[in-house]
Amino acid sequence: MKNTALTDLHISLGAKMVPFAGFNMPVQYTGINDEHETVRNGVGVFDVSHMGEFILKGEKALDLIQKVSSNDASKLYDGKVQYAYLPNENGGIVDDFLTYKLDDETYLLVVNASNIEKDWNWISKFNTFDVDMKDISDKTALLAIQGPKAAEALQSLTDIELASMEYYTFQKGKFAGVDNVIVSATGYTGAGGFEIYVANEDVKTVWDAIFTAGAPYGIKPIGLGARDTLRLEMGFCLYGNAIDDNPSPLEAGLGWVTKFTKDFVNSENLKAEKEAGVQKKLVGFEMIDRGIPRHDYEIVDADGNIIGRVTSGTQSPTLKKSVGLGYVNNAFTKEGTEIYINIRNQKVKAVIKKPPFVK
C-alpha cells in the first residue's frame, strides 16, 4: 500500500486508517457525523493526495485532450477547470477527471487514484500528437479545504482573492509562504471551498499553516468517510459505483459534459445512443421507511419486480434519513415515483428525488 506525504501525521492525530485505492488513507478522526457537520457548517481539511495528476504539454496538447475527453476543452481559458470523462470504445467510461488549462500548450489532468495507471495508458494510446506527458502523481500533494468558512479561514495565507474566485477556476501563486501553488475553487462536497496542489516536500508546511490560520474558525481534519456522505448528499457520481467501464455515460446523466461538436473516442456510437434514447437512468432517491441502501442492492417495484440497482447510499447526517443513487428503468425515473429497495429480503419503501438532497 502507498502512503501520502502526510500519512504519519494522520496516524499521530488518531485517524482510523483504511486501504483505499491502493493507499493507506484516513477514513475518520472524531467520527463521520461530526466531521460531516464541520464541513457543512464550518471548515475542514481533507488529504486527497492519492488523486492522480498528469501534465500534458506541447503544441497539440489540446488536440490530444479533445480526442480522449467527452467535453469540449477548446472552451477552456487560462485559469479555468472543466469536468469531463474519458469514454472507452465499448460505450462505458474509463474514468471521470478534471482538466486545468495552465496556458495554450500546458494542461493539468486530475484523475481518480484507482485509475492512475489505467488512465495514463489510455491517454498514451491516443498520443499520436507528440504531446509531452508527465505523471506527477507521486510528487504532488492535494489538500481540499471545504466548507462555507473556507475562504475566510485561508485568506491570511495568500494574496489570491479567495472569496471572489469563481467556481471551477484556479490561480497560481504564493500560499502559506510556498511559491507556485495551484489554488482551485473546486471540491467534492457541495459545501464550497478550495483545493490546494503543492509539492510533497511542502505539504506539511502548508498543512500546519492552514490549521494555524483556521483555528479561530474551528477547522478540523476530515476523513474519507465524511467525504462520501457529503458527496452523496449532493448526488455526485463516484467512479467504481455509479460510473465505471460498463454503464453508459448518457444513462449516468453525463450528457451535459458530452459535446458532439467535435470528434472524440466513441463519439459516433454515443451520438447514436442519444438519438435512440436510453432505457435506464441514474436517479436519486430518499428512503421513506427505515433502512440504509447499499451498493448493488436490488431496486424493485410494488410487485417485487427488479427494476434497477443501487450504486451507493448512506444515512444523511444533515437530513437524518437515508439517501442513495441507483439505476432504474425509464418508467420509474419521474420525481415522486415510489420504489422499493430490497434490504435483507425486505421491500423497504423509497421515493425518487432529484439531487442535490441538501440544498
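Only the coordinates and a few stated rules stand behind these numbers; no lab work does. If you're wondering where the values come from, they're calculated on a predicted model, not measured in any experiment. Virtual Cβ from ideal backbone geometry, glycine too; neighbours counted across all protein chains shown.
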Bin by bin, in steps of 10 Å, what percent of the Cα pairs in region 146-239 do you find, going until the bin that has the longest distance?
15, 48, 32, 4
Cut-off 15 Å between beta-carbons: net charge of the residues surrounding Gly313, Lys and Arg +1, Asp and Glu -1:
+3
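Could you tell me which of the pairs Lys321/Lys359; Lys80/Lys204; Lys67/Lys101; Lys101/Lys134; Lys118/Lys204 are separated by over 18 angstrom between their Cα atoms in the structure shown?
Numbers: Lys321/Lys359 15 Å; Lys80/Lys204 27 Å; Lys67/Lys101 16 Å; Lys101/Lys134 15 Å; Lys118/Lys204 29 Å.
Cα-Cα > 18 Å for Lys80/Lys204; Lys118/Lys204; rest within.
Per residue, how big is the convex hull around the C-alpha atoms of region 66-210? Give it to me in cubic angstrom, could you? Intermediate results must be reported in sequence, preceding the final value.
On the way: hull volume 17.5 nm³, N = 145.
Each residue corresponds to 121 Å³ of Cα convex hull volume.
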With R₀ set to 45 angstrom, the calculated FRET efficiency between the beta-carbons of Gln279 and Met133, to the nearest 0.05, is 0.75
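Please state the charge dipole magnitude for the chain, taken about the Cα centre, from unit charges on C-beta atoms (+1 on K and R, -1 on D and E), reported in debye and rounded to the nearest 20. Don't skip to the answer; put the middle values down first.
Working: 38 positive and 48 negative charges, 242 e Å.
The calculated dipole for the chain is roughly 1160 debye.
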Could you point to the residue in Asn88, Gly225, Met165 farthest towards the positive end of the chain's charge dipole, with +1 and -1 charges on the Cβ of Lys/Arg and Asp/Glu respectively?
Gly225
Rounded to the nearest 500, what is the 222 nm mean residue ellipticity of the chain from helices alone, with -39500 (n - 2.57) per DSSP H run of 4+ residues and division by all residues?
-6000 deg cm²/dmol
To the nearest 20 debye, what charge dipole does region 237-344 have about its Cα centre, counting +1 at the Cβ of each Lys and Arg and -1 at the Cβ of each Asp and Glu?
340 debye
In region 277-328, trypsin sites (Lys or Arg not before Pro) in a DSSP loop with at most 15 other beta-carbon atoms within 10 Å
Arg290, Arg294, Lys320
Could you tell me the largest-minus-smallest coordinate of the C-alpha atoms of region 279-352 on each of the three principal axes, in descending order and whole angstroms?
33, 23, 20
With Rg from the Cα atoms and Rh as the Kirkwood inverse mean 1/r over Cα pairs, region 27-97 has an Rg/Rh of 1.13
Along Cα→Cβ, 7 Å out, is where each label goes; now give me the distance between the ones at Arg290 and Trp256 in nm to one decimal.
3.6 nm
Please give the Cα centre distance for region 1-53 versus region 247-284, rounded to the nearest Å.
34 Å
Extreme residue, positive dipole direction of region 218-359, given options Tyr297, Gly235, Gln346 (C-beta unit charges)
Gly235
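I want the local charge near Phe23. Using Cβ-Cβ distances under 12 Å, sum +1 for each Lys or Arg and -1 for each Asp or Glu among the other residues. Display every interim value, and only then the final one.
Working: positive: Lys2; negative: Asp47, Asp138.
After counting each charged neighbour, the total is -1.
Contact order normalised by length for the chain, with contacts defined as Cα pairs under 8 Å and 6 or more residues apart; what percent is it?
Details: 828 pairs, mean separation 63.3, N = 359.
Answer for the chain is 18 percent.
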Where in region 101-129 does the amide nitrogen come within less than 11 Å of the point 7 Å from the Cα of Lys60, taken along Cα to Cβ?
127-129
